[in-house]
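What follows is one structure encoded as C-alpha cells, with my remarks underneath.
Every number here is computed from the coordinates shown, using simple stated rules; none is lab data. Computed from a predicted structure; not experimentally measured. Cβ: placed from backbone, ideal geometry, glycine included. Neighbour counts: every protein chain shown.
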Amino acid sequence: MTVLYAVLILAGLGIILGLGLAFASKIFHVEVDTRVEDITAILPNANCGACGYPGCAGYAEAIVAEVAESLNQCKPGIKAGKAAEIRKYLDEHPNPDGTVNKLKV
Ligand code: SF4
C-alpha cells in the first residue's frame, strides 16, 4: 500500500510540474523573426567575423533590423553573390509592418 501512495504522489507531482512548465512556456514565449534564420542560412556560415558582426547570425540580425551598412559586408559571400540573393529574399519577405527592407547591395 505504501508503494501505491509513493507512485500516486510522484504521478501527481509530475502532472502538476508538467502543467507548470506548459503554463510558463506560454507566458515566457518569445516571438522569433524567421527571416533571421533564413538569411543566416543564405550566408556562407563561415562565422569569420569579416563583416564586423559576431558571426553570420549576428550579421543576419543586423540586416533584418536594418542597422547593417549594406548587404555586401560579407567578404566570403561577395563572389558567391550572397548580397543579391539576400536582396531577393528581402523583397519577397517584407517587414511585419509591410514595408520592405531598404538595405542596398
Ligand atoms: S563575413 Fe560572412 S561568413 Fe563571415 S561572419 Fe560575416 S556573414 Fe558570416
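Inside region 50-73, residues that are under 18 Å from the mean Cα position of the chain (by Cα) and of a type outside the set (A, V, I, L, M) make up a count of 8. Checked against (1) in contact with a Lys or Arg (Cβ under 7 Å, 6 or more places away or on another chain); (2) over 19 Å from Ala84 (Cα atoms), Leu4 meets all criteria but (1). Per this entry, Thr40 is counted among residues that are of a type in the set (Val, Ile, Thr) and in contact with a Cys (Cβ under 8 Å, 6 or more places away or on another chain). Residues that are of a type outside the set (Phe, Trp, Tyr) and farther than 20 Å from Leu90 by Cβ were ranked within region 24-45; the one that is nearest to the ligand (Cβ to nearest atom) is Val30. Against the list (1) surrounded by 13 or more Cβ atoms within 10 Å (Cβ to Cβ); (2) away from the ligand (no atom under 16 Å from the Cβ), the condition Leu21 fails is (1). On inspection, Val32 passes the criterion of being out of contact with any Ser or Thr (no Cβ under 6 Å at 6 or more places or on another chain) and assigned to a loop (DSSP other than H, G, I, E, B).
Being assigned to a helix (DSSP H, G or I) and touching a residue at least 24 places away in the same chain (Cβ under 8 Å) is the filter; apply it to region 46-68 and report the residue that is nearest to the ligand (Cβ to nearest atom). Of everything passing the filter in region 46-68, Ala60 is nearest to the ligand (Cβ to nearest atom). There is at least one residue in region 86-100 that is among the hydrophobic types (A, V, I, L, M, F, W, C), surrounded by 14 or more Cβ atoms within 10 Å (Cβ to Cβ) and either part of a helix (DSSP H, G or I) or under 15 Å from the mean Cα position of the chain (by Cα) (or both).
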